[in-house]
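None of the figures in this text is laboratory data; all of them are computed from the coordinates on show. Bear in mind that the values here come from a model prediction, so they are computed numbers and not experimental data. Don't worry about glycine lacking a Cβ; one is built from the backbone with ideal geometry, like all the others, and counts go over all protein chains shown.
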Amino acid sequence: MAINPTRGAPLTHYKQASPYATSHDVIEVIGGDFITPNRAKTVLGVNHNEDDSYIATLVDGVVGQVERFCRIDVIKKKRYAYYRSAHGKIVLPYGPHGEIHKVAKDGVDLTADDYDIYGIKRKTIEGLGYGVFYVEFDSGYDDNEWPPEIESACYQELSLQYKNRQDPDTPSMTSVNNMSVEARHLLSGIRRKAL
């Protein structure tokens, strides 16, 4: 038996089974605007058009920042998740989860009778056996169903970043891990634990 020189363990062809996605990404964005540029201008107190494109870009960036921090989708999206090696149970990333469109095992589409779905907002698929899995599902909040904490945190980040736009080399003393302390407190009940 060969020995792995870097870890001292036997080399094996066995793949470690994991319920967590090996890779995942967005197929398409289904939802509408979470924060419109006009609403952002109102919150920021901007009454001119000189910064419109900058504010629109900043809104997209802040919403993405909040989604990554919370590990959820704010705007409804259709996603896929790929599991290279899973056994019995898979955990869908992001969320809150909606409809599951497709589950495939080893390249063959499964029917709803072949597995069980557990959870309401954070779904797992169980009873699958061992294999390679591909899942397509909806993730994120329906339009106008967003928790107020998410909207408040986005406005907090938006104002902080717009206010500090002139001096990018001077870091804000009120941020931790690229998120303001105030926004982190607002999102603490919504943030999904790391998978």
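The modelled label-to-label distance between D52 and Y130, using points 7 Å beyond Cα along the C-beta direction, is 6.0 nm.
What pairs from K76/K163; K77/K123; K76/K102; K41/K78; K77/K163; K41/K123 go past 25 Å between their alpha carbons?
Values: K76/K163 29 Å; K77/K123 15 Å; K76/K102 17 Å; K41/K78 29 Å; K77/K163 30 Å; K41/K123 37 Å.
Violating the 25 Å Cα-Cα cut-off are K76/K163; K41/K78; K77/K163; K41/K123.
When each of the peptides 86-98, 145-157 is scored by how many other beta carbons lie within 10 Å of its residues on average, the order from highest to lowest is 86-98, 145-157. Ranked by the mean number of other Cβ atoms within 10 Å of their residues, highest first, the peptides 19-27, 102-110 fall in the order 19-27, 102-110. A cut-off under 11 angstrom between Cβ atoms defines the neighbours of D143, and their net charge, with Lys, Arg +1 and Asp, Glu -1, is -2. Grab every C-alpha pair in segment 6-133, bin the distances at 5 angstrom width from 0 up to the longest one, and report whole percents. Final binned percentages: 2, 9, 15, 17, 13, 11, 9, 8, 6, 5, 3, 2, 1, 0.
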